[in-house]
Amino acid sequence: LIVPFAAGSGTDSVARNIQPQMAEALGQQVVIENRPGAQGNLGAEVAANAPADGYTVLLGNVSHTISMTLYPKLGFDVLKDFAPVTLLASGSFTLSAHPSFPARSVKEMIALAKKHPGDINVATGGATIRLAAKLFDSMAAVKTTEVAYKSTPQILTAVISGEATTGYPPTSAAVAQVRAGKMRGLAVTSAARSSMAPDIPTIAESGVPGYEVLTW
């Protein structure tokens, strides 16, 4: 089972959750192989070039459909080289901030960003998280400074340490850190509040109506 993202990422978490059930259902050992790089494209290329014998499965995500529109040349064709099996999970990201960040809401963050354009650093990683950050800037009419990281754990570490002021980790990975007080959850990127963190508002209800970014 090829996971084209690093261990500890949202996609990897899904893989670890389904691994025992897959093994039981298939009557086969299921080995997870993390092949991160190039926003998920490296692992997808490895899977696309594997023998079509049923023994290699890719845990793809929305990044691969985004890559189709971003890169003129890929080592795979999402539509021709893969046969989708099932949708396993979908979820949001959480706009999170270091506890020392003066803004305690999306509206306050927007006001701060407009007063100091480019001063707010935003930790991103992967095509979908970058999309979430860029869409926020566009719809809120603000300018933030993107700091790109290679994986979700690195985004979490950057925000927790204060290396980055804010970031967009997956909600599934952010909730524990928010509850522990290591980060502040400003808002989720989904249209409705997340069942994992119902006390965190959505970006749409916090001053950016119509905003929505999901991952699957």
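Overview of results
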quantity: Test for H64: is it touching a residue at least 12 places away in the same chain (Cβ under 8 Å) and either more than 26 Å from A44 (Cα to Cα) or open to solvent by 40 Å² or more (accessible area, probe 1.4 Å) (or both); calculated: no
quantity: Failed item in (1) surrounded by 16 or more Cβ atoms within 10 Å (Cβ to Cβ); (2) among the hydrophobic types (A, V, I, L, M, F, W, C); (3) under 15 Å from S151 (Cα atoms), with L1 passing the rest; calculated: (3)
quantity: Boolean, S195 is of a type outside the set (V, I, T) and without any contact (Cβ under 8 Å) to a residue 24 or more places away in the chain; calculated: yes
quantity: Matching option when the condition is closer than 18 Å to G75 by Cβ, modelled with pLDDT under 95, within 17 Å of the chain's Cα centre (by Cα) and open to solvent by less than 30 Å² (accessible area, probe 1.4 Å), among G10, G40; calculated: G40
quantity: Residue, nearest to L156 (Cα to Cα), within the stretch 98-127, restricted to residues that are open to solvent by 40 Å² or more (accessible area, probe 1.4 Å) and of a type in the set (A, V, I, L, M, F, W, C); calculated: L112
quantity: Of all residues in the stretch 63-88 being of a type in the set (V, I, T) and outside any helix (DSSP H, G or I), the one that is farthest from K134 (Cα to Cα); calculated: V85
quantity: The stretch 103-132, residues that are free of Cβ contacts under 8 Å to residues at least 24 places away in the same chain and not acidic (D, E); calculated: A111, L112, K115, H116, R130
quantity: Where A47 falls short, out of the listed (1) surrounded by fewer than 19 Cβ atoms within 10 Å (Cβ to Cβ); (2) in a helix (DSSP H, G or I); calculated: (1)
quantity: Residue within the stretch 81-89 that is of a type in the set (S, T, Y) and either modelled with pLDDT of 95 or more or farther than 26 Å from S13 by Cα (or both) present; calculated: no
quantity: Residue in the stretch 14-35 that is in a helix (DSSP H, G or I), in contact (Cβ under 8 Å) with a residue 40 or more places away in the chain and crowded, with 20+ Cβ neighbours inside 10 Å present; calculated: yes
quantity: Selection count, the stretch 156-187, where residues are free of Cβ contacts under 8 Å to residues at least 12 places away in the same chain and either closer than 21 Å to V208 by Cβ or aliphatic (A, V, I, L, M) (or both); calculated: 2
quantity: S195 hydroxyl-bearing (S, T, Y) and either under 16 Å from the mean Cα position of the chain (by Cα) or assigned to a helix (DSSP H, G or I) (or both); calculated: no
quantity: Failed criterion for P153 (all others in (1) free of Cβ contacts under 8 Å to residues at least 40 places away in the same chain; (2) surrounded by fewer than 20 Cβ atoms within 10 Å (Cβ to Cβ) hold); calculated: (1)
quantity: Candidate set from the stretch 174-202 (those that are surrounded by 21 or more Cβ atoms within 10 Å (Cβ to Cβ) and among the small types (G, A, S)); member that is farthest from T145 (Cα to Cα); calculated: S194
quantity: Residue check for E212: open to solvent by 50 Å² or more (accessible area, probe 1.4 Å), at pLDDT 95 or above, within 19 Å of N121 (Cβ to Cβ) and part of a loop (DSSP other than H, G, I, E, B); calculated: no
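The values are calculated or read from the model by the stated rules, or taken from the named source; none is laboratory data. Just so you know, these numbers come straight off a predicted model, no measurement behind them. When we count neighbours, we look across all protein chains shown, and the Cβ atoms used for this are built from the backbone with ideal geometry, even at glycine. For the accessible areas, the whole protein counts, side chains as well, though only heavy atoms, and no ligand, DNA or RNA atoms are used. Shrake-Rupley method; radii C 1.70, N 1.55, O 1.52, S 1.80 Å.
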